[in-house]
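Notes for the one structure printed next.
The values are calculated or read from the model by the stated rules, or taken from the named source; none is laboratory data. Model, not experiment: these values are computed from the prediction. Cβ: placed from backbone, ideal geometry, glycine included. Neighbour counts: every protein chain shown.
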Amino acid sequence: MDRTFVMVKPDGVQRGLIGEFISRFEAKGLKLVGAKLERLSKERVIEQYREHLEKPFFPGLASYIMSGPCFLMAWEGKDAVAVVRRMIGATNPAEAAPGSIRGDFALDIGRNVIHASDSPESAARELGIHFAPDELIDYSRIDESVLYE
Ligand code: IDP
């Protein structure tokens, strides 16, 4: 089973969309193994988005992510990293497929409501940035016996 890091960005929190997004992942069959509401420090934003540090949009991205609380989650399931990336849709909401989260709930690349890790390596790195090991919970969900072959 994969684990992936997902974060409702401040615009998603302010717009009251946390529950909607959680419902989609739960309905898919993914298992929530960690969650918390937090304001990210500048250091944490730099670590999270270190590949974009030199990009012209980085200052705007950093102030957006620090503009209010984020809702941080860890989700587990078969191919969870790839599945969640498809569920959130393309980075630019204008190009995100209808039915995806960004396709259904956002318009602007600079306010795209949600983040999810883009590879298993990023997922491991990002979960390590945002969660202590004891904040990720191992447990079975009752429906696992019917979800998987
Ligand atoms: P991702 O979030 O789909 O993985 P990345 O290319 O890793 O996309 O970009 C990280 C975040 O940086 C995006 O989700 C978006 O919030 C922001 N971003 C990326 N490109 C732009 C841009 O051209 N203008 C403003 N913000 C951008």
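Things to note:
- When the stretch 49-94 is filtered for residues that are assigned to a helix (DSSP H, G or I), in contact (Cβ under 8 Å) with a residue 24 or more places away in the chain and of a type in the set (Phe, Trp, Tyr), only Tyr64 remains.
Table: residues versus (1) surrounded by 13 or more Cβ atoms within 10 Å (Cβ to Cβ); (2) within 11 Å of the ligand (Cβ to nearest atom).
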{"site": "Gln48", "(1), (2)": "yes, yes"}
{"site": "His52", "(1), (2)": "yes, yes"}
{"site": "Pro56", "(1), (2)": "no, yes"}
{"site": "Tyr64", "(1), (2)": "yes, yes"}
{"site": "Phe71", "(1), (2)": "yes, no"}
{"site": "Lys78", "(1), (2)": "yes, no"}
{"site": "Ala90", "(1), (2)": "yes, yes"}
{"site": "Gly99", "(1), (2)": "no, no"}
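- Glu43 over 25 Å from Asp138 (Cβ atoms), modelled with pLDDT of 95 or more, more than 15 Å from the ligand (Cβ to nearest atom) and part of a helix (DSSP H, G or I): yes
- Looking across the stretch 109-135, the residues that are surrounded by 14 or more Cβ atoms within 10 Å (Cβ to Cβ) and either polar (S, T, N, Q) or more than 16 Å from the ligand (Cβ to nearest atom) (or both) come down to Asn112, Ser117, Ser122, Phe131, Glu135.
- Unique match (being modelled with pLDDT of 95 or more, within 18 Å of Val8 (Cα to Cα) and among the charged types (D, E, K, R)) among Arg102, Arg50: Arg102
- Inter-residue pairs, beta-carbon under 6 Å, first at positive phi and in a loop (DSSP other than H, G, I, E, B) and in the stretch 95-116, second at pLDDT 95 or above and not small (Gly, Ala, Ser), 6+ apart: Val113/Lys9; Val113/Asp11; Val113/Phe105
- Evaluating Met87 against the criteria (1) of a type outside the set (D, E, K, R); (2) touching a strand residue (DSSP E or B) at 6+ places or on another chain (Cβ under 8 Å); (3) within 17 Å of Asp108 (Cβ to Cβ) leaves one unmet condition, (3).
- Taken over the stretch 117-143, the criterion of being free of Cβ contacts under 8 Å to residues at least 12 places away in the same chain and among the charged types (D, E, K, R) is satisfied by Glu121, Arg125, Asp134.
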